[in-house]
1. In the range B:60-84, which residue that is outside any loop (DSSP other than H, G, I, E, B) and acidic (Asp, Glu) is surrounded by the most Cβ atoms within 10 Å (Cβ to Cβ)?
2. Does at least one position in the range A:113-128 carry a residue that is surrounded by 23 or more Cβ atoms within 10 Å (Cβ to Cβ), in contact (Cβ under 8 Å) with a residue 60 or more places away in the chain, farther than 25 Å from B:THR124 by Cβ and in contact with a Pro (Cβ under 8 Å, 6 or more places away or on another chain)?
3. For the subset of the range B:34-72 comprising residues that are at the interface with chain A (Cβ under 8 Å from one of its Cβ atoms) and among the β-branched types (Val, Ile, Thr), which member is nearest to the chain's Cα centre (by Cα)?
4. Quick one: A:GLY51 ticks every box in (1) under 27 Å from A:ARG78 (Cβ atoms); (2) within 14 Å of another protein chain (Cβ to nearest Cβ) bar one, so which box is it?
5. Collect the residues in the range B:26-42 that are part of a loop (DSSP other than H, G, I, E, B) and crowded, with 24+ Cβ neighbours inside 10 Å, keeping them in residue-number order.
6. Here is a check on your reading of the model: is A:ILE63 in contact (Cβ under 8 Å) with a residue 60 or more places away in the chain, within 14 Å of chain B (Cβ to nearest Cβ) and surrounded by 14 or more Cβ atoms within 10 Å (Cβ to Cβ)?
7. Six or more apart or on different chains, Cβ atoms under 6 Å: show the pairs whose first residue is in the range B:31-43 and closer than 10 Å to B:ARG85 by Cα and whose second is surrounded by fewer than 17 Cβ atoms within 10 Å (Cβ to Cβ) and of a type in the set (Asp, Glu).
8. Here is a list of conditions, (1) without any contact (Cβ under 8 Å) to a residue 40 or more places away in the chain; (2) touching a Leu at 6+ places or on another chain (Cβ under 8 Å), and A:THR53 meets all of them except one; can you say which number that is?
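Readers should treat all values here as calculations from the given coordinates under stated rules, not as data from a laboratory. Fair warning: this is a prediction, and the values are worked out from it, not measured in the lab. For neighbour counting, all protein chains shown are included, and Cβ atoms are generated from backbone atoms with ideal geometry for every residue, glycine included.
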Amino acid sequence: MAENTPGTFDPVAATRMVTSLGHNAAIGARYVAHGADWMELAIDYREDLVGDTTTGVLASGPIITLMDMATSMAIWVRRGALAPQATLDLRVDYLRAATPGRSVVGRGECYRLTRRVAFVRGMAHDGDPEDPIAHVAGTFMMTDAA
Amino acid sequence: MAQPPKLPPYARFLGISAEAGEDGPLFHLPFAVSVMGRPHFLHGGAIAGLLEIAALGTVLERLRDEPGVSIKPINVTVDYMRGGRERETFAAATILRLGTRIANVEAFAWQEDRDKLIASARMTLMVRRPKATGEG
């Protein structure tokens, strides 16, 4: 279990924990980088995650999972603690199809944190951050807030 | 009775199956560790995946008789209303409008009670017809 005391949150260890089983493990999510209020994760291209066999393009579902995870972990990074929270809503704009064969990097940012609600945004790209494949915006609810 | 829609590899990866229903296809997602988020709960990403498959599959089913037509997502907004528990999840979608170029779809996910939604999604899709004319 990752450390739950403010200021001692370890994003690398936390990623290892949340990707060790379940759906995050199934899509093969892994740690890339993090900052004060952001987190970057990635998934590799896989044929079983394809949404359209005629084009070989990844389905949008794995990208939502990646962004849900990157934005929710960005909240932990900003808080400096792993706290229970639930996604309230998440909007994803699919700017273009991901290129078949390429890994997808998802960057989540927590740009506003209140006691009960966290506001997040993020983007996903497949090699060039200047040419994103998706933009996301969402909110999370702190489930431990009084 | 209509045939159930053909599902992409990602839907099979999630474990989704579809059956034809009176008002469009009904989608099932059995609980498995591979769709679990925090312990004992369905992952929000897997729920979003199910909702998207329901939206896309329902539109494709409606367009079944139009050869060469393809659709792709422009955006999706998912609202999470209840935690998904360790049981089977169902999903269905309503086409609000199917135009020449754009489809507006709403998808719903529930578990034991259809009146207790665990999540919903609103999706805007681009429809590509081989010889599209007019405004979508």
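1. Start the filter on the range B:60-84 by keeping residues that are outside any loop (DSSP other than H, G, I, E, B), which leaves B:60-62, B:70-80.
Keeping just the survivors that are acidic (Asp, Glu) gives B:61, B:79.
On the way: B:GLU61: 19, B:ASP79: 15.
Here the answer is B:GLU61.
2. no
3. Here the answer is B:ILE53.
4. That leaves (1) as the condition not met.
5. At the first step, the residues of the range B:26-42 found to be part of a loop (DSSP other than H, G, I, E, B) are B:30-32, B:37-41.
B:GLY37, the sole residue that qualifies.
6. Values: in contact (Cβ under 8 Å) with a residue 60 or more places away in the chain: yes; within 14 Å of chain B (Cβ to nearest Cβ): yes; surrounded by 14 or more Cβ atoms within 10 Å (Cβ to Cβ): yes.
It is true that A:ILE63 is in contact (Cβ under 8 Å) with a residue 60 or more places away in the chain, within 14 Å of chain B (Cβ to nearest Cβ) and surrounded by 14 or more Cβ atoms within 10 Å (Cβ to Cβ).
7. Correct list of pairs: B:PHE31/B:GLU86; B:HIS40/B:GLU86.
8. (2)
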